[in-house]
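Shown next, in C-alpha cells, is the structure this report addresses.
The values are calculated or read from the model by the stated rules, or taken from the named source; none is laboratory data. Bear in mind the structure is a predicted one, so any value in this text is a computation, not a measurement. Positions of Cβ are generated from backbone atoms using ideal geometry, with glycine treated the same way; all protein chains shown enter the neighbour counts.
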Amino acid sequence: MSSEGPVGNGGRRAGNSGHPAGNSGRRAGNSGGGPPVDGTPRPGLRMVAQDRRMWMILGMVAVLVVCCCATAAGALVALSTGLVTAG
C-alpha cells in the first residue's frame, strides 16, 4: 500500500504536512541555511505551490500593491489636473 493520499489532497495524508508538529521541520540550532538536521527533506517547489497559505499571502500582497499603485496614480492625476486648471 502507498502512504500517499488521494490526488485531490495534493498527494498528502490528511493532517500531515510532512513536518513534525510545532517546529516546522527544524530543530533548535538549525538556522535554515543548510539541510535539515533531522533528515526530513525540504519541501519542493511543487509542494510549496500547492500550499493554500502561500497563495493567500501572495494574493493579499498583490491586492496591497494594486491599491497602493491606484492611490498613487489617482494622486498624480489630481495634481496634474490642478496644475493644468491653475495655469
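Residue under question is ARG46, and the condition is that it be at pLDDT below 95, of a type in the set (D, E, K, R) and exposed (fewer than 10 other Cβ atoms within 10 Å of the Cβ); does it hold? Judged against the criteria, ARG46 is a match. Of all the listed residues (ARG52, ARG27), the sole one being among the charged types (D, E, K, R), surrounded by fewer than 10 Cβ atoms within 10 Å (Cβ to Cβ) and modelled with pLDDT under 90 is ARG52.
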